[in-house]
Amino acid sequence: MEKVSVSFTLNGEPVTIEVPTTWNLLKVLRECFELNGAKEGCGVGECGCCTVIVDGDAVNSCIYPIPEIEGRSVLSVEGISGTDGGLHPLQKAFLENNAVQCGFCTSGMIMSAKALLDKNPEPTEDEIRTGISGNFCRCTGYVQIVEAIEMAAKNKEGNF
Amino acid sequence: MSEYLYVGKSTPRTIETDKVTGRAVYISDLRRPGMLFGKILYSRYAHAKIKGIDTSKAEKLQGVRAVLTGRDIPEVRVGFLKDQTVLKKDVVRQFRDEVAAVAATSPEIAEEALGLIEVEYEELPAVFDPIEAMKEDAPLVHEIDARGRPVRSNILPLPWKFSAGDIEQGRKDSAYIAKDNVRTTWVNQCCMGTSGCVAEFDMNNNLTLYSQTNVPFLGKQRIVEYLRNIGLKGSRVRVVNPIVGGSFGTKLDTDIYEFIAVQLALRTRKPVKILFTREEEFRALPPRQPAIFEIEQGCDKEGKLTFRKVEAILDNGAYTSWGATTPSVMMMPISSLYRVPNVSFNATCVYTNNIYCQAMRGYGNPQATFAVETSMDSLAEEAGIDPAELRLINCNKPGELTPMRLKITTCPLDRCIKTVQEKINWKEKRGKRNGRGIGMASLIHVAGGARVYKSDGHGIMVKVDQNGNVDVLESGTDQGQGSPTVISQMVAEALGFRPEDVSITLGDTALCLWDAGTHASRHTFMAGNAAIRACDKAKKQILEMAVEHMPEIVEYKLKRKERKDPDFQMPDLDYSLISEPDKLDIKDRYIFPKNQPEHPYFRMEVSEVLTRGLHVGTGESKVVVGEAFYDPPTEMLDREMKGNYSCTYAFGTTAVEVEVDRETGEVKILNLFAAHDVGRAMNPTLVKGQIYGAAYMGVGYGLTEQLQLRNGRVMNPNFRDYKMLTAKDVVPVVPLVIEEPDADGPFGAKGIGEPGLVPTAPAIANAIYDAIGVRITDLPITAEKVLVALKKKAGEQS
Ligand code: FES
Ligand code: FES
């Protein structure tokens with residue numbers, strides 16, 4: 001099987017891996033690094049459960065070809081809590097506002113929300129809904145997720 | 001002010017922090033040493049004979065550890081009516097029939113191996129319409145029944161017949177009668193986490209099954225029985241729940257893939273994981289049971305209901321799971337939503353070559369309530385009575401015994417109706433026919449357990465360690481509803497500790513006591529009632545320990561003080577304040593005398609007493625553990641399908657305002673008010689979460705969601721073509737929590753997991769009628785259907 005070696009930054013740390021060219025970013029995160037936060041809900045770019053941030057943009061890692069990750073910076077849900085282990089304001093707001101039910105969509109949801117808030121720290125409800133429109137949630141009806149993102153935007157201290 | 005410290009508060013879900021950090025282990029994340037990956041080969045036909053299977057090429061593929069077909073494993077029947085086998089040997093009867101399975105070192109190799117299996121089929125005539133399937137000359141889906149006797153018809157030997165009162169008399173008493181034909185379709189539960197399990201045997205043939213089941217104990221029993229039937233007598237089975245990515249009914253039955261994983265694990269002696277792809281989830285998971293209803297009901301001149309008669313036909317699909325038992329729940333709204341003296345309900349389940357069906361949030365209730373509540377509006381129109389008024393006239397009341405013998409305890413249905421009526425501005429907005437309209441629908445649902453098995457019990461164990469930390473071994477499961485948070489609140493309240501002192505272990509048959517399963521909106525009700533009883537025992541033990549050891553602890557402390565401080569004056573303490581357990585109480589994990597809660601010496605942290613009680617030094621050391629098995633005082637349905645199968649019932653009403661675009665047929669929801677009788681909300685934020693989620697699912701059921709089957713094949717097995725709502729589909733749901741504490745509920749609580757979905761679709765349909773004057777009785781109400789109905793109406797008028 002043809003393999004490719006790629007180097008990139010993962011949650012702030014430089015990493016290099018060698019994997020089959022056909023692998024996608026989601027598979028790499030889960031299999032090479034045991035980062036299980038990003039989930040496979042569909043595997044074809046339709047549900048958003050696998051969302052991570054690449055160079056500031058929320059992407060569906062399940063359809064992100066691994067050769068294209070060379071030199072980029074990847075952030076997954078495991079990389080957003082403080083170094084002291086403290087929770088990110090979005091993580092706190094999700095727990096506080098019942099924006100997590102089964103939690104399967106949660107990592108992806110939080111990463112989409114983070115990508116949004118990083119670019120637009122004071123989004124309107126409509127902008128929030130657009131920001132997470134690629135992320136399905138079957139449990140919550142989105143209402144408490146939108147509220148949690150609004151809450152995090154209000155409570156944030158400094159940058160996300 | 002509430003008399004409670006913790007229940008009734010919106011405690012955050014901190015107990016589930018792992019879910020926001022990516023650490024929570026779902027079945028997709030679970031790895032066991034040496035684990036293999038299983039994949040399943042499904043049928044290529046809806047109905048065919050299997051002429052031969054050649055697995056030789058697949059077996060030779062590097063990395064393949066086992067290939068199984070129906071010829072390689074004992075032909076043991078499984079399922080509710082024992083009408084299928086695990087791998088199909090001779091005949092396939094639906095596209096999802098499991099024909100072969102592979103275990104390999106990676107999912108990719110297993111998938112590749114499936115492609116190398118050659119199956120030769122001979123197609124057989126198939127039937128896809130339940131009404132066609134009932135005809136005498138229809139192709140038979142099954143040739144023999146579970147006992148090997150020849151079968152003559154596709155109709156299941158499972159007649160659902162309910163009757164109360166006298167329909168003919170009811171008809172005579174009627175001034176107005178409405179008759180409607182109503183249809184609901186297949187919808188997929190769409191859990192974001194797909195189905196899967198890991199099966200692992202030890203060398204003594206004992207099995208651990210990591211399963212997402214909502215019924216660990218019933219599921220275990222099915223597996224034990226299966227192992228026994230394949231010749232593994234005496235095998236022990238442990239079922240363990242990982243974190244579960246949603247259920248909504250999918251995890252009530254033991255699915256065929258679980259038996260296949262067991263077989264592959266047995267064959268390879270390695271742990272085997274099967275994890276569905278999304279496409280499999282759509283094609284090979286039983287969806288919600290569809291139904292065709294003919295409903296007729298009448299009322300007298302004053303609007304009092306006189307009778308209700310319902311005939312239902314259920315397309316069972318090729319085999320039988322819980323779908324065929326949904327009439328047991330349909331019966332509840334049909335007989336008992338509003339007061340109706342004469343009721344008849346017949347349901348016929350029919351085998352077809354479609355995929356078979358199972359439970360989904362609400363069981364059969366959303367289907368039947370769609371029929372009852374659309375028909376209520378038809379009847380209101382016939383009678384010239386305002387639909388809200390008709391509902392109020394026939395409103396259920398506390399203390400009533402319904403025709404099904406349900407005992408209604410608390411019932412704020414009239415409050416629910418009036419609340420949404422006021423919120424939506426009913427009088428002002430109704431009847432305009434200007435493209436905007438409003439409608440309502442109500443519901444009744446079990447809210448205090450559901451005795452579908454002889455035991456509706458639920459076990460719990462509460463252990464308190466010397467540090468004052470509480471470990472709760474809870475026999476239910478959590479599929480996202482937030483049980484760990486709510487149970488920690490209830491345990492804290494009952495024991496006198498704080499929610500943060502409580503840890504919850506769920507869903508492990510080796511650790512927990514028996515439970516009938518987390519279904520029927522029963523978890524809070526059952527776990528709460530069990531917790532109160534178990535905590536009573538544990539608390540009693542702590543208080544007895546306190547009576548025994550507090551005097552020594554106090555004396556020891558005083559002496560130490562005296563030693564350190566020569567000026568210290570020994571107080572003259574009245575030890576009678578703490579001389580009996582009844583004189584003491586615990587709150588916020590402090591023990592204190594009831595008569596003097598702030599006593600400077602007798603108020604102490606509970607851990608002091610617990611530590612002392614565990615280390616007595618004389619053979620009298622004790623631990624604190626309270627356990628309870630709560631089985632509510634309810635009845636099974638009798639032969640006439642009557643009986644009080646739940647301890648209490650929840651009511652609710654949803655009112656919707658819609659705008660219908662006459663050009664495109666599109667329906668937009670402008671307002672949705674959902675008033676729900678929850679007894680007492682244990683955690684208001686979580687209760688609202690249940691209502692929001694259920695209402696959204698109900699809007700999907702009403703307007704967009706449909707599993708499209710063509711000749712038995714699922715045509716839209718992906719999220720592009722299966723229309724689930726996204727965050728951009730704004731539905732302005734306003735949950736209205738109606739509290740009227742129920743005497744049987746723990747701290748007054750009733751179940752609320754399913755109700756929010758139930759009345760949503762009929763409320764929307766009724767609002768559409770109010771907006772444009774066409775009644776669509778066939779779910780989902782897509783834009784195309786609205787346009788067709790509008791055209792038809794225009795044609796009739798011109
Ligand atoms: S798993 Fe990547 S979008 Fe669904
Ligand atoms: S919380 Fe379950 S899918 Fe979003």
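Residues that are among the aromatic types (Phe, Trp, Tyr), open to solvent by 20 Å² or more (accessible area, probe 1.4 Å) and part of a loop (DSSP other than H, G, I, E, B) occur at least once in segment B:95-117. Within segment B:296-314, residues that are in the same structural domain as B:Pro403 (by TED's automatic domain parsing) and open to solvent by 10 Å² or more (accessible area, probe 1.4 Å) sit with their Cβ atoms under 7 Å from residues that are of a type in the set (Lys, Arg) and part of a strand (DSSP E or B), at 6+ positions apart or across chains, in these pairs: B:Glu296/B:Lys179; B:Glu296/B:Lys309.
Taking segment B:1-31, which residues are more than 9 Å from chain A (Cβ to nearest Cβ) and in a loop (DSSP other than H, G, I, E, B)? Those that are more than 9 Å from chain A (Cβ to nearest Cβ) and in a loop (DSSP other than H, G, I, E, B): B:Met1, B:Ser2, B:Glu3, B:Tyr4, B:Leu5, B:Tyr6, B:Val7, B:Gly8, B:Lys9, B:Thr11, B:Leu30.
Scanning segment B:164-211 for residues that are within 14 Å of chain A (Cβ to nearest Cβ) and outside any strand (DSSP E or B) yields a total of 9. Segment A:1-75 holds strands (runs of 3 or more DSSP E) entirely within its bounds, and those carrying 1 or more residues that are away from ligand 1 (no atom under 16 Å from the Cβ) map to A:3-10, A:13-20, A:73-75. When the residues of segment A:27-75 are filtered to those that are polar (S, T, N, Q) and more than 7 Å from chain B (Cβ to nearest Cβ), the one that is farthest from B:Val20 (Cα to Cα) is A:Ser73. Scanning segment B:477-494 for residues being in contact with a strand residue (DSSP E or B) (Cβ under 8 Å, 6 or more places away or on another chain) and either away from chain A (no Cβ under 13 Å) or without any contact (Cβ under 8 Å) to a residue 12 or more places away in the chain (or both) gives a total of 4. Could you look through segment B:249-267, keep only residues that are closer than 20 Å to B:Asp202 by Cβ and either at pLDDT below 95 or of a type in the set (Gly, Ala, Ser) (or both), and pick out the one that is surrounded by the most Cβ atoms within 10 Å (Cβ to Cβ)? Of everything passing the filter in segment B:249-267, B:Ala261 is surrounded by the most Cβ atoms within 10 Å (Cβ to Cβ). Residues in segment A:24-46 that are of a type in the set (D, E, K, R), within 16 Å of ligand 2 (Cβ to nearest atom) and either open to solvent by less than 30 Å² (accessible area, probe 1.4 Å) or under 14 Å from B:Leu30 (Cα atoms) (or both): A:Lys39, A:Glu40.
Among the residues of segment A:78-110, none is identified as touching a Phe, Trp or Tyr at 6+ places or on another chain (Cβ under 6 Å) and more than 16 Å from ligand 2 (Cβ to nearest atom). Tallying residues that are without any contact (Cβ under 8 Å) to a residue 60 or more places away in the chain and either charged (D, E, K, R) or within 16 Å of ligand 2 (Cβ to nearest atom) (or both) within segment A:47-57 yields 3. If you go through segment B:718-751 and keep only what is of a type in the set (Gly, Ala, Ser) and within 10 Å of chain A (Cβ to nearest Cβ), you end up with just B:Ala727. The lone criterion from (1) open to solvent by less than 40 Å² (accessible area, probe 1.4 Å); (2) of a type outside the set (A, V, I, L, M, F, W, C); (3) within 12 Å of chain B (Cβ to nearest Cβ) left unmet by A:Gly85 is number (1). Within segment A:96-121, residues that are closer than 21 Å to A:Asp55 by Cα and free of Cβ contacts under 8 Å to residues at least 40 places away in the same chain have Cβ atoms under 7 Å from residues that are more than 10 Å from ligand 2 (Cβ to nearest atom) and open to solvent by less than 10 Å² (accessible area, probe 1.4 Å) in these pairs: A:Thr106/B:Val20; A:Ile110/A:Val77; A:Ile110/A:Leu90; A:Ile110/A:Gln91; A:Ile110/B:Val20; A:Ala113/A:Leu90; A:Ala113/A:Ile132; A:Ala113/A:Ile149, counting only partners at least 6 apart in sequence or on another chain. Could you tell me whether any residue of segment B:51-62 is buried (at least 23 other Cβ atoms within 10 Å of the Cβ) and not hydrophobic (A, V, I, L, M, F, W, C)? No: zero hits.
Only residues that are out of contact with any Pro (no Cβ under 6 Å at 6 or more places or on another chain), of a type in the set (A, V, I, L, M) and away from ligand 1 (no atom under 16 Å from the Cβ) were counted in segment A:78-112, giving 6.
Just need a number here: residues in segment B:714-739 that are closer than 17 Å to B:Arg283 by Cβ, assigned to a loop (DSSP other than H, G, I, E, B) and open to solvent by less than 60 Å² (accessible area, probe 1.4 Å). Residues meeting the conditions: 6.
From the set of residues in segment A:65-77 that are open to solvent by less than 30 Å² (accessible area, probe 1.4 Å) and within 17 Å of A:Ala115 (Cα to Cα), which is nearest to ligand 2 (Cβ to nearest atom)?
At the first step, the residues of segment A:65-77 found to be open to solvent by less than 30 Å² (accessible area, probe 1.4 Å) are A:66, A:69, A:74, A:76-77.
If we keep only those that are within 17 Å of A:Ala115 (Cα to Cα) as well, we get A:74, A:76-77.
Working: A:Val74: 23, A:Ser76: 18, A:Val77: 14 Å.
This residue is A:Val77.
One residue is enough: does segment B:221-232 have a residue meeting the conditions touching an Asp or Glu at 6+ places or on another chain (Cβ under 8 Å) and away from every other protein chain (no Cβ under 14 Å)? Yes - at least one qualifying residue is present in segment B:221-232. Residues that are open to solvent by 10 Å² or more (accessible area, probe 1.4 Å) and in a loop (DSSP other than H, G, I, E, B) within segment A:89-100 comprise just one, A:Asn97. The requirement of being open to solvent by 10 Å² or more (accessible area, probe 1.4 Å) and among the β-branched types (Val, Ile, Thr) is fulfilled somewhere in segment B:324-339, by at least one residue.
Taking the criterion of being more than 11 Å from every other protein chain (Cβ to nearest Cβ), open to solvent by less than 40 Å² (accessible area, probe 1.4 Å) and not in a loop (DSSP other than H, G, I, E, B), the residues of segment A:111-160 that qualify are A:Lys114, A:Ala115, A:Leu116, A:Leu117, A:Ala152, A:Ala153.
Restricting the search to segment B:350-371, which residues are over 22 Å from the mean Cα position of the chain (by Cα) and open to solvent by less than 10 Å² (accessible area, probe 1.4 Å)? Can you show your working first?
Just the residues of segment B:350-371 that are over 22 Å from the mean Cα position of the chain (by Cα), to begin with: B:350-354.
Matches in segment B:350-371: B:Val350, B:Thr352, B:Asn353, B:Asn354.
Residues in segment B:673-691 that are away from every other protein chain (no Cβ under 14 Å) and either surrounded by fewer than 24 Cβ atoms within 10 Å (Cβ to Cβ) or part of a loop (DSSP other than H, G, I, E, B) (or both): 3 in all.
The values are calculated or read from the model by the stated rules, or taken from the named source; none is laboratory data. Computed from a predicted structure; not experimentally measured. Glycine gets a Cβ as well: all are built from the backbone with ideal geometry, and neighbour counts include every protein chain shown. Note: accessible area is taken over every heavy atom of the protein model, side chains too, but ligands, DNA and RNA are not part of it. Shrake-Rupley method; radii C 1.70, N 1.55, O 1.52, S 1.80 Å.
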